[in-house]
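Written below as structure tokens is the structure these notes are about.
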Amino acid sequence: MSKKLIAPVAMLSYPNLYEPRAYGGGEPKYSAALVFPKGSDLSEIKKAIKEAAKDRFGDKAASVLKTNTPLRTDTEAKGYPEGSTFFNAKSTRQPQVVTRYADPKTGKPMLIDEDMATEPDGQNEIYPGLMVKALISVYAYDTNGNKAVAFRLEGLQRWEDADRLAGARAVEVFSAARPA
């Protein structure tokens, strides 16, 4: 059993939203890391994690979560802001990606298709560092003795611009000499 919820505003990292990737020879999946700034209210996510673990593992839920929690705080190794929390969300189905602005015809958030996400002028709509909201499903699994709670990425909403992760591109930091 899984529970769907909308995560608080987070910084997008490692977005694979239009082309699935296979890691370690596994099945290709769409994915993203969601990085929550220090002080973010993650109480609904934590509650859903506990519920999913309890539903799947019963009395062993606490011990499963103690050894394998999906919320990560090893942010320095990833270059994320100090005190932040993050998790990875994946899906075999492509998540819908939308803006926060209403389509004038339907009143619903406008879709961001792959062409819009990767504009030829380099001003991508979707990029690492962008602030987003995500629709996620929280579920527990037990595969080959590996027991854990994970997140399925159902959809993503572009929330607001922010600085790109990784800063300047390599070509911008090199100096150039004039040919002789």
Quickly run through the range 10-45 and pick out the residues that are open to solvent by 30 Å² or more (accessible area, probe 1.4 Å) and in contact with a Gly (Cβ under 7 Å, 6 or more places away or on another chain). Lys38
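Quick check on Pro81: is it closer than 21 Å to Ser43 by Cα and not aromatic (Phe, Trp, Tyr)? Before the answer, list the steps.
Numbers: closer than 21 Å to Ser43 by Cα: yes; not aromatic (Phe, Trp, Tyr): yes.
Taking the combined requirement at face value, the residue satisfies it.
I need the full set of residues from the range 1-37 which are among the charged types (D, E, K, R) and closer than 14 Å to Asn88 by Cα, in order please. Let's see the steps before the verdict.
Of the residues in the range 1-37, the ones among the charged types (D, E, K, R) are 3-4, 19, 21, 27, 29.
Passing the criteria: Arg21, Lys29.
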Could you please let me know if Phe86 is among the hydrophobic types (A, V, I, L, M, F, W, C) and either in contact with a Pro (Cβ under 6 Å, 6 or more places away or on another chain) or more than 16 Å from Gln157 (Cβ to Cβ) (or both)? yes
Of all residues making up the range 56-65, the number that are open to solvent by 70 Å² or more (accessible area, probe 1.4 Å) and in contact with a strand residue (DSSP E or B) (Cβ under 6 Å, 6 or more places away or on another chain): 1
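Could you please find all residues in the range 50-84 being within 25 Å of Pro128 (Cβ to Cβ) and either among the small types (Gly, Ala, Ser) or part of a helix (DSSP H, G or I) (or both)?
Thr75, Glu76, Ala77, Lys78, Gly79, Gly83, Ser84
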For the range 56-75, check the following and say yes or no: at least one residue is under 23 Å from Pro8 (Cβ atoms) and small (Gly, Ala, Ser). no
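Would you call Lys38 out of contact with any Leu (no Cβ under 6 Å at 6 or more places or on another chain), closer than 22 Å to Glu82 by Cα and of a type in the set (Lys, Arg)?
On the way: out of contact with any Leu (no Cβ under 6 Å at 6 or more places or on another chain): yes; closer than 22 Å to Glu82 by Cα: yes; of a type in the set (Lys, Arg): yes.
Yes; evaluated as a whole, the condition is true for this residue.
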Looking only at residues that are within 12 Å of the chain's Cα centre (by Cα) and in a strand (DSSP E or B) in the range 85-96, which one is surrounded by the fewest Cβ atoms within 10 Å (Cβ to Cβ)? Asn88
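Looking at Gly107, Gly155 in this structure, which one is assigned to a loop (DSSP other than H, G, I, E, B) and among the small types (Gly, Ala, Ser)? It would help to see each step written out before you state the result.
Numbers: Gly155 fails: assigned to a loop (DSSP other than H, G, I, E, B).
Going through Gly107, Gly155 in turn, the sole match is Gly107.
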Would you confirm whether or not the range 66-80 contains a residue that is open to solvent by less than 80 Å² (accessible area, probe 1.4 Å), among the β-branched types (Val, Ile, Thr), out of contact with any helix residue (DSSP H, G or I) (no Cβ under 9 Å at 6 or more places or on another chain) and over 25 Å from Ala22 (Cβ atoms)? yes
Any idea which residue in the range 102-142 is nearest to the chain's Cα centre (by Cα), counting only those that are at pLDDT 90 or above and surrounded by fewer than 11 Cβ atoms within 10 Å (Cβ to Cβ)? Lys108
With the first residue restricted to the range 156-174 and required to be open to solvent by less than 60 Å² (accessible area, probe 1.4 Å), and the second required to be at pLDDT below 55 and not in a loop (DSSP other than H, G, I, E, B), Cβ contacts under 9 Å at 6 or more apart or on different chains are Gly167/Val173
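The values are calculated or read from the model by the stated rules, or taken from the named source; none is laboratory data. The model shown is predicted, which means the values in this text are computed figures rather than measured ones. All Cβ positions, even for glycine, are placed from backbone atoms using ideal geometry, and neighbour counts span all protein chains on display. For the accessible areas, the whole protein counts, side chains as well, though only heavy atoms, and no ligand, DNA or RNA atoms are used. Shrake-Rupley method; radii C 1.70, N 1.55, O 1.52, S 1.80 Å.
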